[in-house]
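The values are calculated or read from the model by the stated rules, or taken from the named source; none is laboratory data. Quick caveat, the model's predicted, so the values are computed rather than measured. Reconstructed Cβ throughout: ideal geometry from the backbone, glycine too, with neighbour counts over all protein chains shown.
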Amino acid sequence: MADVTLTIDNKQVTVPAGTLVVDAAKRAGLDVPVFCYHPKLEPAGMCRMCLVEIGRPMLDRATGKPVLDEAGEAKIQFMPKLETACTNPVSEGMVVKTQLTSEKARAGQKGTVEFLLTSHPLDCPVCDKGGECALQDLTMAHGPGQSRFLFDEKQRLAKQLPLGELIWLDRERCIQCARCIRFQDDIAGESVLGFEERGRMMQIVSMSEPGFDSIFSGNTTDICPVGALTTSDFRFGARPWELNAAPSICAQCPVGCNLTFNTRREAKADGQIVIKRVMPRQNEQVNEIWMCDKGRFAYHYVESEKRLTRPLMRRDGKLAKVSWKAALDLAAEKLSEHKKNSVTLVSGRLSNEDLYNLNIFAGKTEAILYTDMGGGDLTSLVGVSDGTNIGDMGKGDAILVIASDLYNEAPIWWLRIKAAAERGATLIVAGGRAAKLDRFATFTIRYAYGDEIKTIEDLGGKSKIAEAFRKAENALIFYGSDGLGLAGSTSLAAACANLLKETNHIGRRNNGLVGVWPRVNDQGAWEMGFRPTADLAEALKGKAVYIVGADPAGDDPALAKALKSAKFVVVQDISMTATAELADVILPAQPHTERAGTFTSGERRVQRFYPVVPAFGESRPDFSITAQLARQMGIILEGSSLPIVFDFIAHSLPAFDGLNYDRLAEVTEQWPMVGRGDMYYGGTTYENKDGLGAHLSSAAQRGETFKLPAAKNVKPLRPKEGELLAVPVTQLYDLGNTVASAELLAQRIGAAAISLHPETAGKLGAADGETVKISWNGSQSEVRVRTDEGLAAGVALVPRSFGIALREPMTLTVKPAKKVK
Amino acid sequence: MSLLEPIIELGRGLVITMKQALFNPVVTVQYPEVKREVRPRFRGRHVLKRYENGLEKCIGCSLCAAACPSDAIFVEAAENTDEKRFSPGERYASTYEINMMRCIFCGFCEDACPTEAIVLGDNYELSFTNRRDAIYPKEMLLEPVPSADMTTPRKTEANVFTRSVPEMKNPKDWESGDTVKVDT
Amino acid sequence: MSLMEKYPKEVKQILAKYPPEFKRSAVMPLLYLAQRGEGYVTKSAMTEIARALDITETEVASIIGFYTLYHDKKEGRYRMQVCADLPCALRGADKFLAELCGNLGIRVGETTPDGTVTLESVACLAACDKAPMFQIQSPDGIEYHENMTIDRTMELVEALKRSGQEGR
């Protein structure tokens, strides 16, 4: 867009046309105070805080030319009244006088604050926002010292009102800026907040069931300029100035949202330093300034009571606490003894450094990645390249999402892809069921589960959708494992990779394949060389097993059985899992909050996380435990310095070439400026001072030659009469080890339930909410039925991590459970 | 020099001493048997005050801790309910500790307190033999309840004690310098 | 009983007026319809309208909340809605409202014990020059009463009470 030059407070400013005056001033380093305006939201002009004087060149009506004064300069005509800087776009020759130079603007803003405070309770001492509150800050900076209004006429409204179990509302504190409503409507696309009444009585309501039913609800508390919306998690947790901040990365999904953990020493926790809250940290290329509620509220697993504090060893059939030396000695002895017959099983929860050490440790013995989703080798080849940013995608670009319910699997990707679609990108959503993203899709493809490969192959052919994809300037494919097991997702990845290659959508920025992995660092594990195996139970049977960070026994009884028959089991994990119960030696590890490291996101972005709280008990970081174990077995690994391990990675893997810890900690200026120190746009979001991370290069980007495997066309499973096709799907809030310990989410997690189309359920005589008996592959279970009209008939969705071990599509029979009288 | 001179000098000195000892008021007291009364603005050990109805004035806002130049105060807050109420409003101090080793008795905490809950009292007997004893928890700092049925926490009538900070009836209250009216 | 079952013809007629992509515009007439019988919009009607128009219940609720002629609670048979905006207040509407409260023995937003009159304070009714004024919303429609005094208002209230009893 063309640039426009204007004068703000006697300062010449050149900004792109269409910029709002308030943003233009901000870019020139001049702060115009705002409450309702937020650089991420469309302007609303509701609070009147940003009143400024605006003058425009006077135009001759006849000629349309600017009228000149005696000095030969354009005559500026000021509006008789103050205008809002947040709703006025800049224009050529405009002259703006903010509160810094205009007495009138100063008086206007002062009056606005005075009005806002007529209904504000001023209970800052007990308000969770006190200390990081825009209203406090701007009142100090621009408000009057005293009010002329009578206290008795203050508004009396509900003060302690839980909108749901996650967010509390204080209606008296609300200044009716509608930032939360606009966030829910425009950014989250879930209009569950609204205003009721009008004028001074206007107040926020939420009618959804459960209350404030949005997975992005926590963000409204960040952008609320007052203490009206607060999280129940942090309610009276601490005053903001008492908190320490530590930068980190969310470990819940492959998006890799940048976070800040706030900690404080706490008497309730026996004087330990504990995490008090989690807030987003700005990274415009990853999560902007948002995060989902899972990341915000489900971190409690790191302080769960099940955490392992000391090494344990099986003595007389029971696990007993032992010293690190004893545990490591035994583990090393046994693993050496069965060297030729040993397996290392790792999870994508681990950091890159852990996985690198583990991979070298495993050496030529079998090294398995614990996952049911394949294709990571292909994302290394044709994955996204340097500079990729979904936030840049728009008109002319295409995004294809297949076999992934992003809303449940990677909420922030969902949010950003939705925004890209709204900017004009062609969004193609292909899935076996209706998904929330469908609403924003340009094209929706509904296939029968099992036809994923065919769907992609069709996109290589001739159709309107195929054409749109091929002709797109840039194209990304997000593929997942919705309804797929390892074999299916591996084939799907191959099909997608081939499609990208054929349409020449590889090797450039904003082009390539993205895996929607079940865990945070699955991509990193693939990069390090770990691969899943088709038959895990077989791979574990009768071996000496070293399991790091995975809980196969907790997920699948068949794997538990296999582990029971293993020769020796070493489990290295953060907490006591079902797998750990079966171990001979347990080595306590540290979660990412207690140590440093790096994760590789699904977009193949390597990002650093930093220690947040001191280590729990005697736990140690995974890479160092592995190094100590290796040393006993005669392998020398770096076990104390993470930057050194990372340097080893950078030297041995071409994708990591040129990266190091310093590079990952680099930060460039980001727009909008929303740091904590910035009281105008900021509020409570965290400025990123600790690294934006860096993309790995893909083989396509490096110009390497490679051959992509052809997609294996698996014959789709079609159930017989009386059977259902059961497919595994991911639910945002599940009973997995990293979510279940968040008590706050218990209501949203709910009980295990299979989803059926109402008609299918009707045929089986099962109504919504009823319990049925299901049997599949020789196993049986009792679960509830949930009906969902977005499903195809004859399909049963089985949520992962809910205690039903279904790792790939299977046939399933449903019988009504015996009624309990 | 006569022989008498030193004796005379001695006598004169003694006269002055006797004058001071017999006719001037006594300024010392026999501590610890006798305790000196302190001045009204003396700053001794802190006391956490209560309202007349027995509810704690402290709302756990931590502003005293923020104001404290020697970081002697530690506060943690929790939520009040009508079933189990400590103080008016939604918030009370679940932990309140002052480290008397650190305290410099500057009175900033008093100034910072929005409810006049913390007051430097007249107790100056703060010796201890164990460093741990120098940390005064909330139970030691809280004023005793006016009567036995006014202990905290206690069950209170619903929707009565909704305000944490006492209300000013009129902004002019400030100007006249009157104490803030308490409406609990 | 759902709205669709109760007024199938009307609902269809209303929905037919708007093109499918703007069907949310039908929310106002549908709410009016939903309010017809009970005098207020029930929670189930709200849900039904939201589902029918592809909007959330919160959005429906916030529309009911915004307009003073929509109600989400059962209250008095007659809603006496006094305008107390600035121009009316300058003509004594606020004093009138306060006195009316005293005479009726209720506060703004409350209903007389016999369930006849609910007193409300609303925003502009476009009759500033004839203040103090109010409108009475009842199942029979809306009626303006302008240049009112307390005495005349109380007479009116008595009349309403009587008619209410007769109607029963």
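Restricting attention to segment C:48-60, and to residues there that are assigned to a helix (DSSP H, G or I) and β-branched (Val, Ile, Thr), which single residue is farthest from the other protein chains (Cβ to nearest Cβ)?
Applying the first criterion (assigned to a helix (DSSP H, G or I)) to segment C:48-60 yields C:48-53, C:57-60.
Retained after the next criterion (residues that are β-branched (Val, Ile, Thr)): C:49, C:58, C:60.
Working: C:Ile49: 12, C:Thr58: 4, C:Val60: 8 Å.
Step by step, filter segment C:48-60, then rank; the result is C:Ile49.
What residue, of A:Thr87, A:Thr63, A:Thr101, is within 35 Å of the chain's Cα centre (by Cα), of a type in the set (S, T, N, Q) and in a loop (DSSP other than H, G, I, E, B)? It would help to see each step written out before you state the result.
Working: A:Thr63 fails: within 35 Å of the chain's Cα centre (by Cα); A:Thr101 fails: within 35 Å of the chain's Cα centre (by Cα).
From the options A:Thr87, A:Thr63, A:Thr101, the qualifying one is A:Thr87.
Go through segment B:82-100 and give me each residue that's among the β-branched types (Val, Ile, Thr), more than 7 Å from every other protein chain (Cβ to nearest Cβ) and surrounded by fewer than 22 Cβ atoms within 10 Å (Cβ to Cβ). Spell out the reasoning first.
Let us first name the residues in segment B:82-100 that are among the β-branched types (Val, Ile, Thr), namely B:95, B:98.
Checking the rest, the ones that are also more than 7 Å from every other protein chain (Cβ to nearest Cβ) come to B:98.
Within segment B:82-100, none qualify.
Looking only at residues that are assigned to a helix (DSSP H, G or I) and touching a Gly at 6+ places or on another chain (Cβ under 7 Å) in segment A:495-523, which one is surrounded by the fewest Cβ atoms within 10 Å (Cβ to Cβ)?
Among them, the one singled out is A:Glu502.
Exactly one of (1) within 41 Å of the chain's Cα centre (by Cα); (2) more than 30 Å from A:Lys294 (Cβ to Cβ); (3) more than 13 Å from chain B (Cβ to nearest Cβ) is unmet by A:Cys133. Its number?
It is condition (2) that A:Cys133 fails.
Just one of A:Lys154, A:Lys110, A:Lys97, A:Lys81 is of a type outside the set (Phe, Trp, Tyr) and exposed (fewer than 15 other Cβ atoms within 10 Å of the Cβ); which is it? Can you show your working first?
Details: A:Lys154 fails: exposed (fewer than 15 other Cβ atoms within 10 Å of the Cβ); A:Lys110 fails: exposed (fewer than 15 other Cβ atoms within 10 Å of the Cβ); A:Lys97 fails: exposed (fewer than 15 other Cβ atoms within 10 Å of the Cβ).
Being of a type outside the set (Phe, Trp, Tyr) and exposed (fewer than 15 other Cβ atoms within 10 Å of the Cβ) holds for just one of A:Lys154, A:Lys110, A:Lys97, A:Lys81, which is A:Lys81.
Within segment C:107-133, which residues are under 20 Å from C:Pro87 (Cβ atoms) and over 12 Å from the mean Cα position of the chain (by Cα)?
Initial filter on segment C:107-133 (under 20 Å from C:Pro87 (Cβ atoms)): C:108, C:120-133.
Selection gives C:Val108, C:Ala123, C:Cys124, C:Leu125, C:Ala126, C:Ala127, C:Cys128, C:Asp129, C:Lys130, C:Ala131, C:Pro132, C:Met133.
Let me spell it out: the conditions are (1) more than 10 Å from chain A (Cβ to nearest Cβ); (2) in contact with an Asp or Glu (Cβ under 8 Å, 6 or more places away or on another chain); (3) crowded, with 19+ Cβ neighbours inside 10 Å, and B:Cys109 meets all of them except one. Which number is the exception?
B:Cys109 satisfies all of (1) more than 10 Å from chain A (Cβ to nearest Cβ); (2) in contact with an Asp or Glu (Cβ under 8 Å, 6 or more places away or on another chain); (3) crowded, with 19+ Cβ neighbours inside 10 Å except (2).
Which of the residues belonging to segment C:59-117 are touching a residue at least 60 places away in the same chain (Cβ under 8 Å) and either of a type outside the set (A, V, I, L, M, F, W, C) or in contact with a helix residue (DSSP H, G or I) (Cβ under 7 Å, 6 or more places away or on another chain) (or both)?
Passing the criteria: C:Arg77, C:Tyr78.
Pick from segment B:21-46 the residues that are of a type in the set (Lys, Arg) and free of Cβ contacts under 8 Å to residues at least 40 places away in the same chain: which of them is nearest to the other protein chains (Cβ to nearest Cβ)? Break it down stepwise before answering.
Just the residues of segment B:21-46 that are of a type in the set (Lys, Arg), to begin with: B:35-36, B:39, B:41, B:43, B:45.
Next, only the ones that are free of Cβ contacts under 8 Å to residues at least 40 places away in the same chain stay: B:35-36, B:39, B:41.
Values: B:Lys35: 34, B:Arg36: 36, B:Arg39: 30, B:Arg41: 25 Å.
Going through the qualifying residues, I end up with B:Arg41.
Among the listed residues B:Cys106, B:Cys64, identify the single one that is touching a Cys at 6+ places or on another chain (Cβ under 6 Å) and of a type outside the set (Gly, Ala, Ser).
Working: B:Cys106 fails: touching a Cys at 6+ places or on another chain (Cβ under 6 Å).
Just a single option satisfies the conditions, and that option is B:Cys64.
Report yes if some residue within segment C:78-86 is basic (Lys, Arg) and surrounded by fewer than 22 Cβ atoms within 10 Å (Cβ to Cβ); otherwise report no. I'd like the intermediate steps shown before the answer.
First pass over segment C:78-86, keeping only residues basic (Lys, Arg): C:79.
Restricting the remaining residues to those that are surrounded by fewer than 22 Cβ atoms within 10 Å (Cβ to Cβ) gives none.
No, every residue in segment C:78-86 fails to be basic (Lys, Arg) and surrounded by fewer than 22 Cβ atoms within 10 Å (Cβ to Cβ).
Against the definition (hydrophobic (A, V, I, L, M, F, W, C), facing chain A (nearest Cβ under 9 Å) and outside any helix (DSSP H, G or I)), how does B:Val119 come out, yes or no? Steps first, answer last, please.
Numbers: hydrophobic (A, V, I, L, M, F, W, C): yes; facing chain A (nearest Cβ under 9 Å): no; outside any helix (DSSP H, G or I): yes.
No: the conditions fail for B:Val119.
Return a yes/no flag: does segment B:147-166 have any residue that is surrounded by 17 or more Cβ atoms within 10 Å (Cβ to Cβ), farther than 23 Å from B:Leu63 by Cα and in contact (Cβ under 8 Å) with a residue 60 or more places away in the chain.
yes
Among the residues of segment A:613-636, are any closer than 24 Å to A:Arg307 by Cα, touching a residue at least 24 places away in the same chain (Cβ under 8 Å), part of a strand (DSSP E or B) and hydrophobic (A, V, I, L, M, F, W, C)?
no
With a cut-off of at least 2 residues that are of a type in the set (Lys, Arg) and away from chain C (no Cβ under 14 Å), name the strands (runs of 3 or more DSSP E) lying wholly within segment A:202-279. Before the answer, list the steps.
Details: elements: A:203-205, A:229-231, A:244-249, A:258-266.
Result: A:258-266.
All but one of (1) surrounded by fewer than 21 Cβ atoms within 10 Å (Cβ to Cβ); (2) within 31 Å of the chain's Cα centre (by Cα); (3) among the hydrophobic types (A, V, I, L, M, F, W, C); (4) more than 11 Å from every other protein chain (Cβ to nearest Cβ) hold for A:Phe115, so report the exception by its number.
(2)
Using the structure shown, decide if A:Phe616 is modelled with pLDDT of 95 or more, aromatic (Phe, Trp, Tyr) and either crowded, with 19+ Cβ neighbours inside 10 Å or closer than 15 Å to A:Gly597 by Cβ (or both).
Numbers: modelled with pLDDT of 95 or more: no; aromatic (Phe, Trp, Tyr): yes; either crowded, with 19+ Cβ neighbours inside 10 Å or closer than 15 Å to A:Gly597 by Cβ (or both): yes.
Criteria not met by A:Phe616.
Can you tell me which of (1) more than 7 Å from every other protein chain (Cβ to nearest Cβ); (2) more than 20 Å from A:Gln160 (Cβ to Cβ); (3) within 23 Å of the chain's Cα centre (by Cα) is the one A:Ser191 doesn't meet?
That leaves (1) as the condition not met.
Which of the following residues is at positive phi and either among the aliphatic types (A, V, I, L, M) or buried (at least 19 other Cβ atoms within 10 Å of the Cβ) (or both): A:Leu138, A:Leu166, A:Leu122?
Values: A:Leu138 fails: at positive phi; A:Leu166 fails: at positive phi.
Every option except A:Leu122 fails the conditions.
Report every pair of residues separated by at least 6 positions or lying on different chains whose Cβ atoms are under 9 Å apart, first residue within segment A:711-726 and buried (at least 16 other Cβ atoms within 10 Å of the Cβ), second basic (Lys, Arg) and not in a loop (DSSP other than H, G, I, E, B).
Taking only residues 6 or more apart or on different chains, the pairs are A:Pro716/A:Lys454.
Can you tell me which residue within segment B:47-81, out of those that are in a loop (DSSP other than H, G, I, E, B) and within 11 Å of another protein chain (Cβ to nearest Cβ), is nearest to B:Glu157 (Cα to Cα)? I'd like the intermediate steps shown before the answer.
Within segment B:47-81, the first condition is being in a loop (DSSP other than H, G, I, E, B), and the residues that meet it are B:49, B:51-55, B:57-62, B:68-72, B:80-81.
With the extra rule that they be within 11 Å of another protein chain (Cβ to nearest Cβ), the set shrinks to B:58-62, B:71, B:80-81.
Details: B:Cys58: 19, B:Ile59: 18, B:Gly60: 21, B:Cys61: 23, B:Ser62: 27, B:Asp71: 37, B:Asn80: 13, B:Thr81: 10 Å.
So, considering only residues that are in a loop (DSSP other than H, G, I, E, B) and within 11 Å of another protein chain (Cβ to nearest Cβ), the one nearest to B:Glu157 (Cα to Cα) is B:Thr81.
Do the conditions hold for A:Ala767, that is, is it in contact with a Lys or Arg (Cβ under 9 Å, 6 or more places away or on another chain) and either free of Cβ contacts under 8 Å to residues at least 40 places away in the same chain or within 12 Å of A:Leu724 (Cβ to Cβ) (or both)? Please lay out each step first, then the result.
On the way: in contact with a Lys or Arg (Cβ under 9 Å, 6 or more places away or on another chain): no; either free of Cβ contacts under 8 Å to residues at least 40 places away in the same chain or within 12 Å of A:Leu724 (Cβ to Cβ) (or both): yes.
In short, no.
Taking the options A:Lys720, A:Lys715, A:Lys689, name whichever one is within 17 Å of A:Gln607 (Cβ to Cβ), basic (Lys, Arg) and out of contact with any Lys or Arg (no Cβ under 6 Å at 6 or more places or on another chain).
Values: A:Lys720 fails: within 17 Å of A:Gln607 (Cβ to Cβ); A:Lys715 fails: within 17 Å of A:Gln607 (Cβ to Cβ).
A:Lys689 is the lone residue from the list that is within 17 Å of A:Gln607 (Cβ to Cβ), basic (Lys, Arg) and out of contact with any Lys or Arg (no Cβ under 6 Å at 6 or more places or on another chain).
Starting from segment A:387-410, keep only residues that are surrounded by 24 or more Cβ atoms within 10 Å (Cβ to Cβ), then list their pairs with residues that are modelled with pLDDT of 95 or more and of a type in the set (Lys, Arg) whose Cβ atoms are within a distance under 7 Å, requiring at least 6 positions of separation or different chains.
Listed pairs, sorted by first residue: A:Ile390/A:Arg416.
One residue is enough: does segment A:298-313 have a residue meeting the conditions in contact with a Cys (Cβ under 6 Å, 6 or more places away or on another chain), buried (at least 16 other Cβ atoms within 10 Å of the Cβ) and not assigned by TED's automatic domain parsing to the domain that holds A:Lys567? Break it down into steps so the answer makes sense when it comes.
So in segment A:298-313, the residues in contact with a Cys (Cβ under 6 Å, 6 or more places away or on another chain) come out as none.
No, segment A:298-313 contains no residue that is in contact with a Cys (Cβ under 6 Å, 6 or more places away or on another chain), buried (at least 16 other Cβ atoms within 10 Å of the Cβ) and not assigned by TED's automatic domain parsing to the domain that holds A:Lys567.
Checking the structure you have, find out if any residue of segment B:140-151 is within 14 Å of chain A (Cβ to nearest Cβ) and at pLDDT 90 or above. Don't jump to the end; show me each part of the working.
Step one: of segment B:140-151, the residues within 14 Å of chain A (Cβ to nearest Cβ) are none.
Within segment B:140-151, none of the residues are within 14 Å of chain A (Cβ to nearest Cβ) and at pLDDT 90 or above.
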